[in-house]
């Protein structure tokens with residue numbers, strides 16, 4: 001008879017695999033419920049950009065991934081040396097890594113490259129077993145994302161209450177090539193309710209950028225249907241020539257935006273982590289950072305448990321929930337507040353927020369504090 005599992009993790013994305021590796025390092029026996037394998041050619045971070053996802057990861061996230069030896073090498077992890085933010089009426093903010101004595105404010109990481117690193121690490125970790133269906137374990141951790149099919153199995157009366165605040169916006173993502181190097185600069189524009197970000201890719205000397213453009217659902221439908229040249233013209237109308245002349249180098253992807261949270265993150269024998277517990281607006285680029293912080297916190301709580309407590313002890317798991325809910329609530333308030341402020345198109349709101357940006361730009365201490373927070377310091 002095989003040894004029973006200590007933890008069963010449902011969800012084999014970045015958060016689920018990271019948690020599995022952290023727990024296996026503590027010599028816990030982990031069952032990782034995974035999806036059927038895809039075509040290897042579709043998984044590879046190919047030049048054709050079949051997967052346009054890219055994440056901004058801070059220093060804390062980089063540290064945990066490096067300790068697991070899964071941090072992607074250049075050019076799949078590009079340092080952000082500077083960030084420039086424009087308002088819609090002349091307001092502008094600049095943040096630099098140098099001002100906070102760091103090598104980078106963040107790193108823009110190709111998702112397929114990171115996923116491949118995690119897949120290889122899991123494959124060679126003897127304390128992790130890949131399974132096709134949930135296995136019995138002392139603790140079940142749900143890491144399936146916001147559309148989790150397992151979340152409703154748990155919680156009071158068998159259902160976790162999932163609260164969603166839709167933003168009536170969609171995010172459009174794509175890869176672009178510029179006629180000039182990005183110089184390690186991330187750029188963001190708040191323009192009449194839209195939020196456009198261009199994130200540096202392909203290494204410090206590259207000229208590729210990842211686009212994340214948050215627009216109204218109605219406008220997203222129009223932009224998605226535009227021919228590539230017309231789409232780029234609409235894009236340049238917002239960002240001008242700051243990032244050079246841009247052309248599409250991938251297909252476009254899109255998804256609806258919302259602020260969402262589970263009312264209960266833990267219970268007897270179960271816990272939620274990552275997007276299965278919370279999602280935020282992408283304007284601050286903190287979604288995956290929050291999910292990776294969940295894994296670190298949960299692993300530490302389990303490792304520090306009293307010898308007589310089981311892994312599924314609800315009081316033990318409450319320590320994880322209390323610690324992480326506080327941090328996530330802060331980020332919820334920041335992203336939701338910024339979205340609400342910049343979604344207003346009235347001229348008086350426009351004048352107010354640009355007055356605020358100009359005042360903020362004059363405060364070196366406040367700018368450096370925000371830069372350190374965003375960098376995960």
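I'd like to know if segment 231-238 contains one or more residues that are in contact with a helix residue (DSSP H, G or I) (Cβ under 9 Å, 6 or more places away or on another chain) and within 18 Å of residue 287 (Cβ to Cβ). Checked against the condition, which is being in contact with a helix residue (DSSP H, G or I) (Cβ under 9 Å, 6 or more places away or on another chain) and within 18 Å of residue 287 (Cβ to Cβ), segment 231-238 yields no hits at all. Of the set (1) touching a strand residue (DSSP E or B) at 6+ places or on another chain (Cβ under 8 Å); (2) surrounded by fewer than 19 Cβ atoms within 10 Å (Cβ to Cβ); (3) without any contact (Cβ under 8 Å) to a residue 40 or more places away in the chain; (4) under 27 Å from residue 275 (Cα atoms), all apply to residue 228 but (4).
Only a single item in (1) at pLDDT 95 or above; (2) within 29 Å of residue 187 (Cα to Cα); (3) surrounded by fewer than 18 Cβ atoms within 10 Å (Cβ to Cβ) is not met by residue 294, and it is number (3). The set of residues in segment 168-192 being assigned to a loop (DSSP other than H, G, I, E, B) and surrounded by fewer than 19 Cβ atoms within 10 Å (Cβ to Cβ) consists of 179, 180, 181, 183, 192.
Is it fair to say residue 280 is modelled with pLDDT under 90, crowded, with 22+ Cβ neighbours inside 10 Å and either closer than 22 Å to residue 323 by Cβ or more than 21 Å from the chain's Cα centre (by Cα) (or both)?
So residue 280 passes the test.
Looking only at segment 116-167, residues that are more than 14 Å from residue 272 (Cβ to Cβ), buried (at least 18 other Cβ atoms within 10 Å of the Cβ) and modelled with pLDDT under 90 come to 1 in all. Suppose we keep only residues that are in contact (Cβ under 8 Å) with a residue 24 or more places away in the chain and touching a helix residue (DSSP H, G or I) at 6+ places or on another chain (Cβ under 6 Å) within segment 291-310. Which one would you say is farthest from residue 167 (Cα to Cα)? Looking at residues that are in contact (Cβ under 8 Å) with a residue 24 or more places away in the chain and touching a helix residue (DSSP H, G or I) at 6+ places or on another chain (Cβ under 6 Å), I get 299. Every test in (1) in contact (Cβ under 8 Å) with a residue 12 or more places away in the chain; (2) in a helix (DSSP H, G or I); (3) surrounded by fewer than 18 Cβ atoms within 10 Å (Cβ to Cβ); (4) out of contact with any helix residue (DSSP H, G or I) (no Cβ under 9 Å at 6 or more places or on another chain) is passed by residue 242 save one, and that test is (2). On the basis of being in contact with a helix residue (DSSP H, G or I) (Cβ under 8 Å, 6 or more places away or on another chain), outside any loop (DSSP other than H, G, I, E, B) and within 25 Å of residue 22 (Cβ to Cβ), does residue 60 make the cut? Against the criterion (in contact with a helix residue (DSSP H, G or I) (Cβ under 8 Å, 6 or more places away or on another chain), outside any loop (DSSP other than H, G, I, E, B) and within 25 Å of residue 22 (Cβ to Cβ)), residue 60 qualifies. Listed conditions (1) touching a residue at least 12 places away in the same chain (Cβ under 8 Å); (2) within 17 Å of residue 175 (Cβ to Cβ); (3) touching a helix residue (DSSP H, G or I) at 6+ places or on another chain (Cβ under 8 Å) are all met by residue 277, apart from (2). So residue 265 passes all but one of these: (1) touching a helix residue (DSSP H, G or I) at 6+ places or on another chain (Cβ under 6 Å); (2) surrounded by fewer than 18 Cβ atoms within 10 Å (Cβ to Cβ); (3) under 22 Å from residue 12 (Cα atoms). Which condition number does it fail? The failed condition is (2). Note on segment 1-35: among residues that are under 17 Å from residue 305 (Cβ atoms) and surrounded by fewer than 21 Cβ atoms within 10 Å (Cβ to Cβ), the one that is nearest to the chain's Cα centre (by Cα) is 25.
In segment 99-113, is there at least one residue being free of Cβ contacts under 8 Å to residues at least 12 places away in the same chain and under 30 Å from residue 321 (Cβ atoms)?
No, the conditions are met nowhere in segment 99-113.
A single entry from 116, 146, 120 fulfils the requirement of being over 21 Å from residue 82 (Cα atoms) and touching a helix residue (DSSP H, G or I) at 6+ places or on another chain (Cβ under 6 Å): 146.
Is it the case, given these coordinates, that residue 160 is outside any strand (DSSP E or B), touching a residue at least 24 places away in the same chain (Cβ under 8 Å), over 23 Å from residue 317 (Cβ atoms) and touching a strand residue (DSSP E or B) at 6+ places or on another chain (Cβ under 9 Å)? Taking the combined requirement at face value, the residue does not satisfy it.
The strands (runs of 3 or more DSSP E) falling completely within segment 74-136 that include 3 or more residues that are more than 30 Å from residue 34 (Cα to Cα) and touching a strand residue (DSSP E or B) at 6+ places or on another chain (Cβ under 6 Å) map to 82-86, 92-96.
Of the candidates 202, 214, the single residue that is more than 24 Å from residue 258 (Cβ to Cβ), within 22 Å of the chain's Cα centre (by Cα) and surrounded by 14 or more Cβ atoms within 10 Å (Cβ to Cβ) is 202. State whether the residues of segment 19-37 include one that is outside any helix (DSSP H, G or I), in contact with a strand residue (DSSP E or B) (Cβ under 8 Å, 6 or more places away or on another chain), at pLDDT 95 or above and more than 24 Å from residue 146 (Cα to Cα). Within segment 19-37 (the criterion being outside any helix (DSSP H, G or I), in contact with a strand residue (DSSP E or B) (Cβ under 8 Å, 6 or more places away or on another chain), at pLDDT 95 or above and more than 24 Å from residue 146 (Cα to Cα)), the answer is yes, since at least one residue qualifies.
The values are calculated or read from the model by the stated rules, or taken from the named source; none is laboratory data. Since we're looking at a predicted model, the values are computed, not measured. For neighbour counting, all protein chains shown are included, and Cβ atoms are generated from backbone atoms with ideal geometry for every residue, glycine included.
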